[in-house]
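Have a look at the structure below, then the notes.
The values are calculated or read from the model by the stated rules, or taken from the named source; none is laboratory data. Bear in mind that the values here come from a model prediction, so they are computed numbers and not experimental data. Positions of Cβ are generated from backbone atoms using ideal geometry, with glycine treated the same way; all protein chains shown enter the neighbour counts.
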Amino acid sequence: MNKRSAYRHNGRGSSKRYPQSSRNRSSNKTIDISRYINTNTSSTEVIPYISTHKFSDFPVGEHLKKNIEAKGYTTPTPIQDQAIPQILKGLDLVGIANTGTGKTAAFLIPLIHKALIRKGEQILIVVPTRELALQINEELKTFIKSMQMRSVCLVGGAPINRQIAELRPFNTFIIGTPGRIKDLMKRGKLNLSKFRTVVLDEADRMLDMGFINDVRYMISMMPIERHTLFFSATISQEVEKLIKEFLKDPVRISVKTGDTSKNINQDIVKIKQDATKIDTLHDLLNQKDFDKVLVFGKTKRGVQKLSESLKKRGFSSIAIHGNKSQSQRERALSDFKMNKARILVATDVAARGLDIPDVSHVINFDIPATYDDYVHRIGRTGRIGKAGKALTFIESSR
């Protein structure tokens, strides 16, 4: 089969409990195929954002500035440029940004400074998935290097007794998923009555996953006078209700430039009737520019089977899904980040928030359940100004 004949270019631009909200989940049939196609990225004129600050301009501690500089950060992204000054003022904030725009640093940097100047400050960061919690904690550690500051990551799938032990010393930052945080609160191991700062990250996803009542419970246990930061990729009516419920006169910052990044070339791959999806994937992966590839499947079993099939075909592939233990998931992500595995096959557990450097391609082996899921899947490539490609497999009968 001609490797490139599968492409169709038409030039059009464009924890264990995971209940799904029927409002937010939609049938595959409702997603127009044209929404998977945007191949004019190279010819689209993008007006570059001119930052009004440099990181060295922000009024934060010198030690923190040195750690920021050590990470190679000089010019803030739009969300960082606009959000950091407002958070430093202590204002409630709603941040709307595309995935891959650097919002984690947008809230970590000012909150670390806040903790440095206000001794005894404790900060809660709530996120929908284990992987995102671990990633935020990892990034936090680079910013607080050589500082007398502790953090703990509270996620399901990891030994709870170890987390209980880690909660005994004073922790400035508590980062975790709603289910595990609530569990530890109910056990009397975590008291939020003195936490005056909370970050709700990927709030739309927490709503979609059915975690909002857990979040309400947490916030009800916090002081009424608090500093609340709310980040979301989308703003629905339900998300607006949460903003009114949780925040007080928030500053709103939106740096969203469309549903998907202009840096991502999007196209479909039509599976010919005489070919199989796995054979088509095999041919694509043999092309030299497919350097670091994230392949998304629908089911845990299907993802595991696909990864094993790719291994048998000689590809360095690893799988991540909900049936993997937390340590297995962490190892899989580490191997992919460190290029020990060139291909990561994943369910939507890897679709949100993960910052994996230099992913050249995202391939939707199985069509996502919703367009929002598609947006977040392909957001794993084309991050922080880099170019990326996204391909979606379409059966020929479609």
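Sort out for me the helices (runs of 4 or more DSSP H) sitting completely within segment 159-220 that have 1 or more residues that are among the aliphatic types (A, V, I, L, M), touching a Lys or Arg at 6+ places or on another chain (Cβ under 8 Å) and surrounded by 15 or more Cβ atoms within 10 Å (Cβ to Cβ). Before you say what the answer is, go through the steps one by one.
Details: elements: 160-167, 178-186, 203-208, 212-220.
In segment 159-220, 160-167, 212-220 are the helices (runs of 4 or more DSSP H) which contain 1 or more residues that are among the aliphatic types (A, V, I, L, M), touching a Lys or Arg at 6+ places or on another chain (Cβ under 8 Å) and surrounded by 15 or more Cβ atoms within 10 Å (Cβ to Cβ).
Tally up the residues in segment 146-171 that are over 17 Å from Lys119 (Cα atoms) and not small (Gly, Ala, Ser), please. Walk me through how you get there before you give the answer.
Kept after step one, since they are over 17 Å from Lys119 (Cα atoms), are these residues of segment 146-171: 152-168.
Checking the rest, the ones that are also not small (Gly, Ala, Ser) come to 152-155, 159-164, 166-168.
Number satisfying all stated conditions: 13.
Being surrounded by fewer than 19 Cβ atoms within 10 Å (Cβ to Cβ) and more than 26 Å from Val375 (Cα to Cα) is the filter here; which residues of segment 46-66 pass it? If you could, list the steps in order and put the result at the bottom.
Here is the first cut: in segment 46-66, the ones surrounded by fewer than 19 Cβ atoms within 10 Å (Cβ to Cβ) are 46-54, 56-57, 59, 61-63, 65-66.
Across segment 46-66, the qualifying residues are Thr52, His53, Lys54, Ser56, Asp57, Pro59, Gly61, Glu62, His63, Lys65, Lys66.
Only one of Lys300, Lys270, Lys277 is closer than 28 Å to Arg329 by Cβ, at pLDDT below 95, crowded, with 16+ Cβ neighbours inside 10 Å and in the same structural domain as Lys324 (by TED's automatic domain parsing). Can you tell me which?
Working: Lys270 fails: closer than 28 Å to Arg329 by Cβ; Lys277 fails: crowded, with 16+ Cβ neighbours inside 10 Å.
It is Lys300.
Would you check which residues across segment 180-200 are charged (D, E, K, R) and touching a Pro at 6+ places or on another chain (Cβ under 8 Å) and list them? Walk me through it before giving the result.
Keep residues of segment 180-200 that are charged (D, E, K, R), which gives 180, 182-183, 186-187, 189, 194, 196.
Answer for segment 180-200, where residues must be charged (D, E, K, R) and touching a Pro at 6+ places or on another chain (Cβ under 8 Å): Lys194, Arg196.
Search segment 280-297 for residues being buried (at least 16 other Cβ atoms within 10 Å of the Cβ) and among the charged types (D, E, K, R), and hand back the single one that is nearest to the chain's Cα centre (by Cα).
The residue in question is Lys292.
Would you check which residues across segment 60-97 are within 22 Å of Ile50 (Cβ to Cβ), in contact with a helix residue (DSSP H, G or I) (Cβ under 8 Å, 6 or more places away or on another chain) and either outside the structural domain of Leu140 (by TED's automatic domain parsing) or among the polar types (S, T, N, Q) (or both) and list them?
If the condition is that a residue be within 22 Å of Ile50 (Cβ to Cβ), in contact with a helix residue (DSSP H, G or I) (Cβ under 8 Å, 6 or more places away or on another chain) and either outside the structural domain of Leu140 (by TED's automatic domain parsing) or among the polar types (S, T, N, Q) (or both), then Thr74, Thr75, Thr77, Gln80 are the ones that fit.
Do we have any residue at all in segment 385-398 that's among the basic types (Lys, Arg) and farther than 28 Å from Thr101 by Cβ?
Applying the first criterion (among the basic types (Lys, Arg)) to segment 385-398 yields 386, 389, 398.
The next check asks that each one be farther than 28 Å from Thr101 by Cβ; those that pass are 398.
Among the residues of segment 385-398, at least one is among the basic types (Lys, Arg) and farther than 28 Å from Thr101 by Cβ, which makes the answer yes.
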